[in-house]
1. Kindly work out what percent of the DSSP beta bridges joining two residues of the chain are antiparallel, to the nearest 5.
2. Under Stokes-Einstein, with the Kirkwood radius over Cα pairs standing in for Rh, what whole-number D in µm²/s applies to the chain at 25 °C and 0.890 mPa s?
3. What are the trypsin sites (Lys or Arg not before Pro) within the range 80-143 that DSSP puts in a loop, where the Cβ has at most 12 other Cβ atoms within 10 Å?
4. How far is helix 171-181 tilted, in degrees, relative to the longest principal axis of the Cα atoms in the chain, given as a value from 0 to 90 rounded to the nearest 10?
5. Measure nothing fancy, just the Cα-based angle from helix 152-162's long axis to the longest principal axis of the chain, in degrees from 0 to 90, nearest 10.
6. Over the C-alpha atoms of the range 95-228, what are the Rg and the largest Cα-to-Cα span, Dmax, in Å?
7. Under a Cβ-only charge scheme (Lys and Arg +1, Asp and Glu -1), can you give me the dipole magnitude of the range 2-221 about the Cα centre, in debye to the nearest 20?
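Rule-based calculations on the coordinates, nothing more; no lab input. In this text, all values refer to a predicted model and were calculated from it rather than measured experimentally. Virtual Cβ from ideal backbone geometry, glycine too; neighbours counted across all protein chains shown.
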Amino acid sequence: MKHIGIICAIRREAQPIIDSYGLEQVEISPYPVYRKMTGSLDISLIICGLGKVVASMASQHLIQMLSVDEIVNIGICGAINDELKIGDIVYSNQFVQHDFNIDVPDKHPAWIPSIGSHITETVKPSLFRLVDEHPKTNLGVMCSGDSFIKSRAKKEQVALVTSGISCDMESAAIAQVCLLLGCPFMSLRGVSDLAEDVPSDFVANMERAIESVTSLFNEVTHSLRVFA
């Protein structure tokens with residue numbers, strides 16, 4: 001039986017998965033944990049909160065305390081690639097912290113000494129192949145930082161420096177923990193905004209993005225349960 005860990009930043013991202021799989025709350029501190037064995041899968045889901053620090057804590061908890069085999073980060077993101085649209089799905093096992101910079105000469109601005117690169121590349125989990133084969137997904141570098149990108153100038157700067165296609169506040173931090181602890185990881189997110197001025201219909205766009213990414217996750221995990 002494969003044990004998959006899921007990290008969501010907010011309850012709205014997590015609730016459709018909790019409902020779809022009938023996950024039951026098993027822990028309440030330091031963050032809510034939901035779990036259920038279904039078919040050939042054991043699923044543990046954590047709602048970690050916003051930002052890199054809590055995401056890192058949740059990752060370590062899943063790996064060291066709950067002994068998951070792999071982790072998937074599910075949620076929403078902003079598009080920093082102009083070809084992406086609201087509701088599109090992006091996924092990756094390559095990540096950059098766009099707000100990390102120790103200004104080392106002759107190194108990329110986001111270079112991390114413990115990684116030896118500005119890109120944190122994780123081992124692909126079992127779900128990666130199924131997502132990769134899906135016609136409605138977009139593969140690219142994901143960028144994370146503890147700030148919400150909402151201007152075209154900032155969006156263009158991040159895209160230029162990182163060559164990323166989307167931005168969020170957790171993925172790269174989870175990736176670094178997973179790399180250091182040897183746990184396969186991917187991030188799977190729906191585009192909720194274009195990383196520019198927040199539109200008046202942001203809530204509706206967020207709902208559309210969550211529906212897109214949840215539907216895809218349910219589809220690929222169903223295949224995993226059937227063929228594992």
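1. Once the DSSP bridges in the chain are tallied, antiparallel ones form about 40 percent.
2. Result for D is 141 µm²/s.
3. Lys85, Lys136
4. Roughly 70 degrees, rounded to the nearest 10.
5. So the helix axis and the longest Cα principal axis differ by about 80 degrees.
6. Radius of gyration, then largest Cα-Cα span, for the range 95-228: 16.1, 51 Å.
7. That gives the range 2-221 a dipole magnitude of about 200 debye.
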